[in-house]
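The values are calculated or read from the model by the stated rules, or taken from the named source; none is laboratory data. The model shown is predicted, which means the values in this text are computed figures rather than measured ones. For neighbour counting, all protein chains shown are included, and Cβ atoms are generated from backbone atoms with ideal geometry for every residue, glycine included. Quick note on the areas: whole protein, heavy atoms, side chains included, nothing else; ligands and nucleic acids left out. Shrake-Rupley method; radii C 1.70, N 1.55, O 1.52, S 1.80 Å.
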Amino acid sequence: MSVRMMFLVLAGLAGAAMALQGSINSVLGKVIGPKQATLVVHAVGAVSAGLLLLLPVGGGNLGRLPQAPWYTYLGGLLGVLIVYAVVASIPRLGVATATTAIIVGQVGLAAIIDHCGFFGLQKVPFTWVKLGGLALLAAGARLLLG
């Protein structure tokens, strides 16, 4: 298996995990409330991330944290927004429809980030073919709405 294929499989697994996570989080939100579920999800995540630091793989250096650009700290805030939005939307839309809407938003903004090279990332031009793919993705999302 090529390195590229390995990372495509890993990204696919992340997508599957997101659908599973959204489903589980929405059930928790029905039981304890969406804000409370968002807190619990992030508390469990923080403990898990702390335990991950104990593993002797991956490297890294928390001492360099002050050198990170200011906007990189927004990831945690965005995580709260994402979990809350998923917990609130899945019970009302269903997993497939909510996840499709999430993917349309995700791919749309990702294409803009790629094209502009925001955050110091390599520029990847937006093409007519990509526009067609995004339009088909949005059309598929519309079909899922019924």
Residue list for the range 111-127, filter: open to solvent by 50 Å² or more (accessible area, probe 1.4 Å) and assigned to a helix (DSSP H, G or I) | I112, D114, H115, C116, F118, F119, G120
Leading residue by the ranking (farthest from G79 (Cα to Cα)) among those in the range 128-138 that are small (G, A, S) and surrounded by 11 or more Cβ atoms within 10 Å (Cβ to Cβ) = G133
In the range 16-30, how many are in contact with a helix residue (DSSP H, G or I) (Cβ under 8 Å, 6 or more places away or on another chain) and either open to solvent by less than 60 Å² (accessible area, probe 1.4 Å) or of a type in the set (A, V, I, L, M) (or both)?
-> 8
Identity of the residue in the range 46-64, at pLDDT 95 or above and open to solvent by less than 80 Å² (accessible area, probe 1.4 Å), that ends up farthest from S89 (Cα to Cα) = S48
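Can you name the residue in the range 82-110 that is under 12 Å from P34 (Cβ atoms) and open to solvent by 60 Å² or more (accessible area, probe 1.4 Å) and, of all such residues, is farthest from the chain's Cα centre (by Cα)?
R92
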